[in-house]
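For reference, the structure is listed below as structure tokens.
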Amino acid sequence: MHRGKGMKFVGDSRVPAAEHRMQNIPKDYSEYPGKTEAFWPNFLLKEWMVGAIFLIGFLCLTVAHPAPLEKIADPSDTGYIPMPDWYFLFLYQLLKYAYASGPYTVIGALVIPGLAFGGLLLAPFIDRGPERRPSKRPLATGFMLLALAAITFLTWQSVANHDWAAAKEQGKIVAEADIDTNSEGYKLYSSKGCVSCHGDNLQGGAAAPSLVDNGLKPEEVAKIAKDGIRTMPAGVFKGTDEELQKLAEFISSVKSK
């Protein structure tokens, strides 16, 4: 038998050639001219400039539209209705519904949010498919759309149904007054039920305005006490005409410091 006679060299298609195996990996960054840059300082400098622009814009907005301030917190003011920040409004609205408030507060405050956020945490373990397109991942896409719809609807409901006029009135900073609590007028003010709405210092509350610097004459105060005004019903004052006159003179004379 001659050397090499009857011997053949064949290729195995199961072993890919090196050039085909590495064709998707660039040899170096020179294949992308103009699209690469040094991380330091080029990339970081651009990031810093973008952040600085947004920061300056945000500071300009805070100067042009400063955050409104409310009066000093009063733990004894049971009529004050707190309002959470915008990103918690959907939970605030949820607690207003029948089966998420009152005796069911635990359901609205713990059970429903716990299930929602628990599902969010388990989403990567439930949907483990390799697809990246939303249309190919109905479970994850459906949960996300449902969550976004619920949060959007509850936030909108909270804003639309909130009594903004009452909120502005209850948080308004009012002037303080030096009041003689031993005067006959203040005693009538306390005993006739005015304190429950207008406060012990006539500062007002969620359901009633402040009486400090009211600018009303005694006869105007007496008329309001008898006939009512806006949310104040008629016939609130129960007493004699003499007591009404003294009360009206007292309320009319209250001035700020």
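Read-outs: derived from the displayed coordinates by stated rules, not from any lab. It should be emphasised that the depicted structure is a prediction, and the values quoted were computed from it without experimental measurement. Cβ: placed from backbone, ideal geometry, glycine included. Neighbour counts: every protein chain shown.
With the gyration tensor restricted to C-alpha atoms of the stretch 107-257, the semi-axes of the equivalent ellipsoid amount to 58, 14, 13 Å, longest first. The relative contact order of the stretch 86-161 comes to 42 percent, based on Cα pairs under 8 Å that sit 6 or more residues apart. Pairs with C-alpha atoms separated by more than 22 Å, drawn from the list LYS172/LYS226; LYS192/LYS223; LYS71/LYS226; LYS192/LYS246; LYS172/LYS192; LYS226/LYS246, are LYS172/LYS226; LYS71/LYS226; LYS172/LYS192. Put simply, the amide H of GLY204, placed in the peptide plane, has neighbours under 5 Å in GLY199, LEU211, leaving out anything fewer than 5 places away on its chain.
A cut-off of 5 Å between modelled amide H atoms, ignoring neighbours fewer than 5 places along the same chain, links GLY228 with GLY235.
Measuring nothing but alpha carbons in the stretch 184-253 and taking Rh as the Kirkwood radius, the Rg to Rh ratio lands at 0.90. Using a simple spin-label model with pseudo-atoms 7 Å out from Cα toward Cβ, HIS162 and GLU243 lie 4.1 nm apart.
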